[in-house]
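Worksheet: the structure to be examined is printed underneath.
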Amino acid sequence: ERDLGEDNRDCTVERTADEINDMAGDGRAIPIPMDISNDDEIAALVEKVKEECGRLDAVVCSAFNTPPDLNDASFRDDFWKQGAQMWDACHGVGLRGSYMTCCESVPLMIDTAKSKGGTRPLIAIISSFGGKSYTFNVAYGVGKAAADRLASDMALQLSKHNIDTISLYPGVVRTEGNVEMDKRGEWSAASGGLDLSMGESPQFTGRAVASLLAESALTEERSGDVVVVAELAKELGFTDIDGRMPPSIRNLKFILPNFVFPQIEKESGTSLPGWITDNVPDYLLPWSIFSSGPPPTSD
């Protein structure tokens, strides 16, 4: 959520590593710029980890190529108007890159699982609620559903090697890019009117991964499943960096203020009373209902 600096010059892996190393704890961040669409670079990184560390306990696949027209409403346009460009953007780095990262990483993780000490190795695929319900556009949703299937199918083959995989769902995240879009007045059109102030910090997902790594019995039990960051936080008791516990996107505390209330107010021409907006029940929609279709919009 830091300021990106003039012309985004502060948005670098080196700056991210500095932020991590300034935090409390024993870990150390090592910045390595690379292209996840380049298979040779992925293989070289894993080999570097093998040579310098001798083990690989966790892989988090989060790289994603910024799709075209992300900054305006055309990001949510009909698929036949978006064509191959949108498909390739959503599936090239975000899906193929994740698959190849896992292909290169797993042999070293198998060796790690055989060694004594440490936790069960974990692969976390950063996906989104778009894997369960229509979100943004066709290509985006197909890519996220495929990421979920990647985690579930890998879990079947990796269970005998004591390696776990999960598909991790952040909510609306206040990434540097999203915050900048909001400052430029582009966020509402691109997101469909989502309230970014209700969003999660990037560190919230990091806390979810750290919590999972500390609970090997839990990752073994959930291997192959979708794990929602906000729901895991409520289950395990960790919070976002500001002390909040943001609601899951399938929670009525998120759905009603972002989708239902604005539609009612638009149609009625008047604001809803506080006794309604301030008393939304803390209730998760079952996946069967959440996945049945997109929420109402004010378009």
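The values are calculated or read from the model by the stated rules, or taken from the named source; none is laboratory data. As the structure is a prediction and not an experimental result, all values here were calculated from the model. So basically every Cβ, Gly included, is an ideal-geometry build from the backbone, and we count neighbours across all protein chains shown. Accessible surface areas use protein heavy atoms only, side chains included; no ligands, DNA or RNA. Shrake-Rupley method; radii C 1.70, N 1.55, O 1.52, S 1.80 Å.
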Mind listing the long-range amide H neighbours of V59? Cut-off is under 5 Å, sequence gap 5 or more, other chains count too, H placed in the peptide plane at 1.01 Å from N. L122, I123, A124
List the residues, sorted by chain then number, that are 5 or more residues from V227 or on another chain and whose placed amide H is less than 5 Å from its amide H. S167, L168, Y169
With every protein chain left in place and a probe of 1.4 Å, what is the accessible surface of K183, to the nearest 10 Å²? 130 Å²
Signed unit charges on C-beta, dipole axis of the chain, positive-most listed residue L252, L194, S62: L252
I'd like the accessible area for I264: 1.4 Å probe, protein heavy atoms, all chains in place, Å² to the nearest 10. 70 Å²
For the chain, what % of the accessible area comes from carbon and sulfur atoms, probe 1.4 Å? 52 percent
Residues T270 and S188, FRET efficiency given R0 of 30 Å [Cβ-Cβ distance, rounded to 0.05]: 0.90
Report, to the nearest 10°, how far helix 138-158 tilts away from the longest principal axis of the Cα atoms in the chain, using its own Cα long axis and a range of 0 to 90°. 40 degrees
Residue by residue through region 228-233, which ³J(HN,Hα) values in whole Hz follow from phi under the Karplus form 6.51 cos²θ - 1.76 cosθ + 1.60 (θ = phi - 60°), with glycine and proline marked x? 8, 4, 5, 6, 5, 4
Accessible area of W87, 1.4 Å probe, to the nearest 10 Å²? 110 Å²
Say R0 is 22 Å: what FRET efficiency, to the nearest 0.05, do D78 and T16 get from their beta-carbon distance? 0.05
Relative to the first principal axis of the alpha-carbon coordinates of the chain, what is the inclination of helix 202-213, with its axis defined by its Cα atoms, in degrees from 0 to 90 and to the nearest 10? 50 degrees
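Mind scanning K132/K253; K132/K160; K114/K160 and naming the pairs with a C-alpha gap bigger than 21 Å?
K132/K160
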Whole-Hz couplings from phi, Karplus 6.51/-1.76/1.60, listed for region 255-264; x for Gly and Pro: 5, 5, x, 8, 10, 6, 4, x, 5, 4
How much length, in nm to one decimal, is gained on full extension between N38 and R55, taken as 0.36 nm per residue of separation minus their Cα-Cα distance? 3.9 nm
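Taking every eigenvalue of the Cα gyration tensor of the chain, multiplying by 5 and rooting it, what semi-axes result, largest first, whole Å? Show your work: numbers first, answer last.
On the way: eigenvalues 220, 96, 80 Å².
Over the Cα atoms of the chain, the semi-axes work out to 33, 22, 20 Å.
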Given a 10 angstrom Cα cut-off, can you work out which residue in E52, E215, E186 is the most mobile in a GNM of the chain? E52
Mind checking the per residue accessible area of the chain for me, 1.4 Å probe, whole number of Å²? 53 Å²
Ordering R15, R174 by how much accessible area each has at a 1.4 Å probe, largest first, what is the list? R15, R174
Once amide H atoms are placed 1.01 Å from N in the peptide plane, what residues at a sequence separation of 5 or more from Y134, or on another chain, have their amide H within under 5 Å of its amide H? G293
Expected vector for region 50-58, Karplus 3J(HN,Hα) from phi with 6.51, -1.76, 1.60 and θ = phi - 60°, integer Hz, x for Gly and Pro, equals 4, 5, 8, 10, x, 7, 9, 8, 8
Over 18 Å apart: what share of the alpha carbon pairs of region 107-258 falls there, rounded to a whole percent? 61 percent
